[in-house]
Amino acid sequence: MARPTREEIAAIHDQPFMDLVFEAATVHRANHDPNQVQWSTLLSIKTGACPEDCTYCSQSARWNTGLEVEQLLNVDAVIASAEAAREGGSTRFCMGAAWRRVPNKAMPQLKRMIHEVRAMGMETCMTLGTVDPAQARELADAGLDYYNHNLDTSEEHYGNVITTRSYQERLDTLQSVRSAGINVCSGGILGLGEESSDRIGLLWQLMNLEQPPESIPVNSLVAIEGTPLADKGVEPVDGLDMVRFIATARILMPGSYIRLSAGREEMTDELQALCLMAGANSMFTGEQLLTTKNPAFERDKALLKRLGMHIEKVAPGPVSCGVPAESRPSAK
Ligand code: SAM
Ligand code: DTB
Ligand code: SF4
């Protein structure tokens, strides 16, 4: 759908639930195998002591969450973790660092991580904070398949959640990633005390990027003791609202992966099944997200078995990126 207005998005989002889910499932079936789900596994490669003030996050140096700080992991530790993820059935490995921006001195180590994980036949994703155009090109040249950087919520609500990084800065990072030819992974969090109009605003913004993200993580707030949002006591996300959001995203962005992300530990199998029916086709697997718990591989395998679903496969050996290396701007 080409650049809908907020009103048009709201009309999709607010229609009767059954009509919405039916429409979304129809779009989903026309564009994807409805019985297939993509599996990604996370690893925190640099943990805590982050200078940003994201009010939901355990890793900000400003909140007392009892988190143990860890420096950048060595490449062997990353390989061991990626092997365990592959063993569990995951096909994409996502490495996250609690940085404001990528320090240039870390680049050689990050590039080795990308190289080694790709050599195992897995897709690679990184989420490292702000990247400038030159850094994005360097990551692209190293073979990075996806870069995750979330908008989190609407521009209007954003300032109530984070003050140290502007919304525009986030949009600039996404543009750097897009221009470098890396697949864009960007989504948000439900449960930040936002209104329905903020969820519409987030979807509108994703639709107004140069092109919609290839991958859209939908997180439900994990309330972490010591963070301002948890301490304030925001309302937990209504499961049916989560389905509404996913269904609307599916209708708007038919070709994207929509990922069930943080919050699955608290979700029933039935709610996850409804999300998958409404167009979610990816999930974070493995017993840890970055710093919080996630369902174990065995539980997710049992879920897929109950639903008669299978995991998406990627070609063995070095995987190809969304944009072939030779047609990336940096290769010209
Ligand atoms: N520091 C980098 C950044 O902010 O882009 C990468 C890591 S950061 C933890 C990645 C994303 O995880 C955030 O943008 C946010 O959307 C999500 N996230 C972090 N803490 C969360 C929480 N407690 N509940 C739900 N989602 C969370
Ligand atoms: C995303 O949107 N969610 C993931 C990934 N991208 C990096 C992170 C979720 C973090 C949940 C809280 C934690 O484990 O610290
Ligand atoms: Fe830092 Fe990312 Fe957490 Fe924000 S979400 S505090 S930038 S690690």
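The values are calculated or read from the model by the stated rules, or taken from the named source; none is laboratory data. Worth saying up front: this structure is predicted, and the values here are computed from it rather than measured. Here the Cβ is made from the backbone with ideal geometry for all residues, glycine too, and neighbour counts use every protein chain on show. The protein model used for the area step is the full one, side chains on, heavy atoms only, and it has no ligands, DNA or RNA in it. Shrake-Rupley method; radii C 1.70, N 1.55, O 1.52, S 1.80 Å.
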What are the residue pairs meeting all of these: first residue in the stretch 156-169, first residue among the acidic types (D, E) and open to solvent by 40 Å² or more (accessible area, probe 1.4 Å), second residue away from ligand 1 (no atom under 15 Å from the Cβ) and assigned to a helix (DSSP H, G or I), Cβ atoms under 7 Å, and 6 or more apart or on different chains? E156/G201
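Per-residue answers, yes or no, for (1) open to solvent by 20 Å² or more (accessible area, probe 1.4 Å); (2) at pLDDT 95 or above:
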position: P213; (1), (2): no, yes
position: N219; (1), (2): yes, yes
position: G233; (1), (2): yes, no
position: D238; (1), (2): yes, yes
position: D241; (1), (2): yes, yes
position: R244; (1), (2): yes, yes
position: T248; (1), (2): no, yes
position: I251; (1), (2): no, yes
How about the stretch 64-118: which of its residues are charged (D, E, K, R) and in contact with a Gly (Cβ under 9 Å, 6 or more places away or on another chain)? E68, E70, R86, R100, R101, K111, R118
Only one of (1) within 15 Å of ligand 2 (Cβ to nearest atom); (2) open to solvent by 70 Å² or more (accessible area, probe 1.4 Å) does not apply to W99, and that is (2)
Scanning the stretch 102-129 for residues that are open to solvent by less than 10 Å² (accessible area, probe 1.4 Å), within 11 Å of ligand 1 (Cβ to nearest atom) and among the β-branched types (V, I, T) gives V102
Does E270 count as more than 16 Å from ligand 1 (Cβ to nearest atom) and closer than 17 Å to S58 by Cβ? no
Please specify each residue of the stretch 18-30 satisfying the condition of being loosely packed, with under 15 Cβ neighbours inside 10 Å and either touching a residue at least 40 places away in the same chain (Cβ under 8 Å) or on the phi > 0 side of the Ramachandran plot (or both). A30
The stretch 266-293: number of residues that are in contact (Cβ under 8 Å) with a residue 60 or more places away in the chain, away from ligand 3 (no atom under 16 Å from the Cβ) and farther than 14 Å from N35 by Cα: 2
Being open to solvent by 30 Å² or more (accessible area, probe 1.4 Å) and away from ligand 2 (no atom under 16 Å from the Cβ) is the filter here; which residues of the stretch 179-211 pass it? S179, G193, E195, S196, S197, W204, N208, E210, Q211
Restricting attention to the stretch 42-75, which residues are of a type in the set (D, E, K, R) and touching an Asp or Glu at 6+ places or on another chain (Cβ under 9 Å)? K46, R62
If you go through the stretch 259-285 one residue at a time, how many are hydroxyl-bearing (S, T, Y) and either away from ligand 2 (no atom under 15 Å from the Cβ) or assigned to a helix (DSSP H, G or I) (or both)? 1
Would you mind finding the one in R250, R299 that is away from ligand 1 (no atom under 12 Å from the Cβ) and in contact with a helix residue (DSSP H, G or I) (Cβ under 7 Å, 6 or more places away or on another chain)? R250
Criterion first (assigned to a helix (DSSP H, G or I) and among the hydroxyl-bearing types (S, T, Y)) does S44 satisfy it? no
